[in-house]
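The values are calculated or read from the model by the stated rules, or taken from the named source; none is laboratory data. Computed from a predicted model, the values in this text were never measured in an experiment. Glycine gets a Cβ as well: all are built from the backbone with ideal geometry, and neighbour counts include every protein chain shown.
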Amino acid sequence: MLISEIGEVQLIKGLTRDIFPDPEVVVTGIGDDAAAVKTAEDKLQLFTKDVLVEGIHFLRETISPWQLGRKSLAVNISDIAAMGGAPRHLLIAVALPSNTEVEWIEEFYRGMKDLCRICSINLIGGDTVRSPQGITISITLIGEVERERMLVRSGAREGDLVAVTGFLGASAAGLELLLQGLPSQNEWEKEVLKAHQEPPLRIKESRILSASGVVTSMIDLSDGLYKDLGEICSASGVGARIFASSLPISDATGRVCRHLTLDPVSLAVSGGEDYELLFTFSEENLARMKDLSGELEGKIIVIGKIVSKEEGLKIVDFQGEETKLTRKGFDHF
Ligand SMILES: [Mg+2]
């Protein structure tokens with residue numbers, strides 16, 4: 001059935017079935033002119049928004065509607081996690097061409113609602129409109145964080161260590177498989193494809209890191225290490241040195257790279273969409289971080305060090321030689 005056949009009221013009724021906003025916090029949700037939620041006095045509210053346009057941010061052929069619904073929300077959760085906070089409320093607007101299949105948008109909502117349930121996020125409002133061409137999705141996610149636990153990009157200091165919460169480059173390897181139209185037949189191909197279509201959630205990691213009191217700056221890896229570490233450096237007025245041999249590149253990513261003759265370091269540095277957390281902490285807190293890493297099943301991986309602004313952004317290659325970090329990883333020529 002096409003959405004043009006059922007009308008907006010029926011469509012929204014169907015899409016917002018089985019959502020269960022927390023009645024303790026949500027005073028009015030979907031069904032009134034605006035949502036009303038209670039806020040905690042000792043916390044800061046966090047707001048983030050993302051717009052996804054078909055043909056630019058996603059292709060309907062390379063991701064299932066369930067995965068797209070999940071991913072649209074997951075990338076916003078990642079931004080809230082990057083501040084050390086927890087996601088709370090969600091507003092969603094979709095613009096749909098009238099020839100969209102009802103099943104497509106239902107599956108999209110199911111992916112989003114499944115994640116809402118896992119992460120205790122209240123879907124409190126939104127809008128559904130007609131689009132002359134292509135699907136557009138706009139998500140606003142509201143989160144909260146204890147005042148003293150909020151983490152920003154500007155706190156990195158010279159001598160701090162740089163760490164990440166998981167593998168780098170897998171999502172980019174998955175995207176490459178999709179763009180080349182290659183089927184994913186084996187375990188490692190499926191693994192990188194999943195990294196791209198179903199990005200990880202790092203709320204638990206974020207909350208543990210923000211409670212530790214030792215993280216000096218944090219950002220989520222949406223645009224790739226090169227760009228996002230660059231953001232921390234420019235906000236903090238520092239430089240950084242990354243060790244190629246410390247970059248966490250999964251076995252699956254390595255295999256796919258060999259198969260497609262891609263450089264794994266280059267994917268890890270500028271591939272993007274890993275949605276891991278990138279953060280810094282003072283070297284004297286390394287033991288504390290190692291304890292936390294145990295709690296997080298080893299998901300704290302030190303990849304470099306903060307240096308002075310004058311030293312810039314550098315990478316130490318596998319031969320131990322230091323060169324400028326570039327979009328390609330390193331470039332000796
Ligand atoms: Mg971000």
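So here's what we get for this one:
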| quantity | calculated |
| --- | --- |
| Near pairs, Cβ below 9 angstrom, 6+ apart or cross-chain, from the range 216-232 (in the same structural domain as SER78 (by TED's automatic domain parsing)) to any residue that is of a type in the set (Ser, Thr, Tyr) | none |
| Members of the range 221-248 found to be away from the ligand (no atom under 16 Å from the Cβ), among the β-branched types (Val, Ile, Thr) and either modelled with pLDDT under 95 or not in a loop (DSSP other than H, G, I, E, B) (or both), listed by number | ILE242 |
| Residues of the range 181-215 classified as of a type in the set (Gly, Ala, Ser), more than 30 Å from GLY159 (Cβ to Cβ) and in contact (Cβ under 8 Å) with a residue 60 or more places away in the chain, total | 1 |
| Among (1) within 26 Å of ALA74 (Cβ to Cβ); (2) among the small types (Gly, Ala, Ser); (3) surrounded by 15 or more Cβ atoms within 10 Å (Cβ to Cβ) - the single one GLY298 does not satisfy | (3) |
| Output for the range 142-162, where each listed residue is in a strand (DSSP E or B) and surrounded by 24 or more Cβ atoms within 10 Å (Cβ to Cβ) | GLY143, VAL162 |
| Which numbered condition LYS328 misses (of (1) surrounded by fewer than 17 Cβ atoms within 10 Å (Cβ to Cβ); (2) touching a Cys at 6+ places or on another chain (Cβ under 6 Å)) | (2) |
| The range 269-303: number of residues that are in contact with a helix residue (DSSP H, G or I) (Cβ under 7 Å, 6 or more places away or on another chain) and among the small types (Gly, Ala, Ser) | 3 |
| Filter pass, LYS38 being under 27 Å from the mean Cα position of the chain (by Cα) and at pLDDT 95 or above | no |
| Meets criteria (within 16 Å of the ligand (Cβ to nearest atom) and in a strand (DSSP E or B)) for VAL94 | no |
